[in-house]
Amino acid sequence: MTSNGTPVMLALHQTALGGPEVLRPTELPRPEPGPGEILVAVHAAGLNPTDFKHRAVRVFLPPPPLTLGWDVSGTVVETGFGVTLFRPGDEVFGMLPYPHGAGSHAEYVTGPARAFAAKPAGVSHVQAAALPLAALTAWQALVDTADLRAGQRVLIHAAAGGVGHLAVQLAKERGAHVTGTASAPKHDFLRELGADACVDYRSEDFTAAAEPYDVVLDTLGGQTATRSVSALRPGGVLVSLLPGAEDTAAAAEKAGVRAAVMLVEHDQSGMRAIAERAADGRLRAHVSGTFPLAEGATAHAQAETGRTTGKLVITVR
Ligand SMILES: NC(=O)c1ccc[n+]([C@@H]2O[C@H](COP(=O)([O-])OP(=O)(O)OC[C@H]3O[C@@H](n4cnc5c(N)ncnc54)[C@H](OP(=O)(O)O)[C@@H]3O)[C@@H](O)[C@H]2O)c1
C-alpha cells in the first residue's frame, strides 16, 4: 500500500530510454479498471521485439516513464463498469491495444475486456502469454490481409521467430504450401512445425524458387520487401511488418503485386480463433526461454540478439 492506501505492485519500469539497464523492477500504484476494462493479475507476459525497440527509442509512445509489455496471460481480479464478458477469477489471455495500451510487464495490468479471450484450461499461462501479439500478427497478415487459401504457396521470412513459427502453423492449417527462411540449424525446427521447404537466407537466394509465391509474409522490411516482390506472381500479396525500401512500392506496382504494410491490432475475434487453435493443439507456441520479472533486462538483452527461436516469456506469478 502507498501512504494514501492505494495498493502497489511491482513493474518492469523505465524512466529513460536506453539499453536493457534502464529497466528497473519498481513499486508503482496498482492500476484500476476503467469503464469496459478488466484488471488482470499477470501470471506471464510475452516479450516481443517491439518491447526492446520502444525501450530504446521513441517510436509510437510518449517519452518515459514507461512500463512496456503488450502480451498477457493471467486472472481477472476486478471488472470495470459495463463489463459482461468476464468475471473475477476468470483466466484470460490477450494483447493490450497497440501501441498505447502497454503495461503487462508488471504484476497487474488493465485493458479493454474485448482485447482478451478465455485462456484454454489445458494451455499454461506461459504458453498462453507467448501467443497473443505474435499469433494475432500472423493471423491478421495471412488470413485477414492476404486471405491465404488452400493450395496457395506462401513464403514466410524469419519462420523460426516469434511471428514466423506461428505463421507456419496457421498457413499449414489453411492448406497452403509453406516455405520458410531461417539459418540452416533451424530447418529441422521449421519442418517439425510443418514447413514444406526451407531456405537458408545466409547462403541461398529466396527469390530463386522454381515457382512464384502467392503470398509473402515479410518480417524484415527494407530490401527484403523489394526482393520479395520479385518472388511473387502477378496478383500476389506481400504483407510486410516493417516498412519496405524506397523502391518497394514502385516494384510492386510494376509487378502487379499488392504490397501492404501491416500493424497488429487488438482483436477479440482473432484472439478467439487463436484460443480455439491453442485449445486443440493446432497452434502451439515454442517457448525457448522464461525470465522472472526481476530479470526482465536479461530477457530484453537476449531478445535483442535477433536470434530467438519461437518466443521468450516473462514469468510474474
Ligand atoms: N507490424 C507489426 O504489427 C509487427 C508485429 C509483430 C512483429 N513485428 C516485427 O516483425 C519482426 C519479427 O518479429 P518476431 O517477433 O518474429 O521476431 P523474433 O522472434 O525476434 O525473430 C527472431 C528470428 O528471426 C530470424 N532472422 C533474423 N534475421 C533473419 C533474416 N535475415 N532472414 C530470416 N530470418 C531471420 C532468426 O533466425 P536465425 O537465428 O536463423 O537468423 C530468429 O529465429 C520484428 O522486427 C518485429 O518488430 C511487427
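The values are calculated or read from the model by the stated rules, or taken from the named source; none is laboratory data. The structure displayed is predicted, hence computed values, not measured ones. Cβ atoms come from the backbone with ideal geometry, glycine included; neighbour counts cover every protein chain shown. Keep in mind that these areas ignore ligands, DNA and RNA; they rest on the heavy atoms of the full protein, side chains included. Shrake-Rupley method; radii C 1.70, N 1.55, O 1.52, S 1.80 Å.
Going through segment 195-218 one residue at a time, which ones are more than 22 Å from Val163 (Cα to Cα) and among the polar types (S, T, N, Q)?
Of everything in segment 195-218, just one residue is more than 22 Å from Val163 (Cα to Cα) and among the polar types (S, T, N, Q), namely Ser203.
Residues Thr50, Thr75, Thr67, Thr79: which one is open to solvent by 40 Å² or more (accessible area, probe 1.4 Å) and among the polar types (S, T, N, Q)?
Just a single option satisfies the conditions, and that option is Thr79.
Listed here are the residues, each with its yes/no results for (1) more than 23 Å from the chain's Cα centre (by Cα); (2) of a type in the set (A, V, I, L, M, F, W, C); (3) open to solvent by 30 Å² or more (accessible area, probe 1.4 Å).
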{"site": "Gly46", "(1), (2), (3)": "no, no, no"}
{"site": "Ala56", "(1), (2), (3)": "no, yes, yes"}
{"site": "Arg87", "(1), (2), (3)": "yes, no, yes"}
{"site": "Glu91", "(1), (2), (3)": "no, no, yes"}
{"site": "Gly103", "(1), (2), (3)": "no, no, no"}
{"site": "Lys119", "(1), (2), (3)": "no, no, no"}
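Can you say whether Ser203 is within 9 Å of the ligand (Cβ to nearest atom), in contact (Cβ under 8 Å) with a residue 12 or more places away in the chain and farther than 26 Å from Met95 by Cα, as far as the supplied structure shows?
When the stated conditions are applied, Ser203 does not pass them.
For segment 226-240, how many residues meet the condition of being open to solvent by 40 Å² or more (accessible area, probe 1.4 Å) and either closer than 16 Å to Leu133 by Cβ or touching a strand residue (DSSP E or B) at 6+ places or on another chain (Cβ under 7 Å) (or both)?
Result for segment 226-240: 1.
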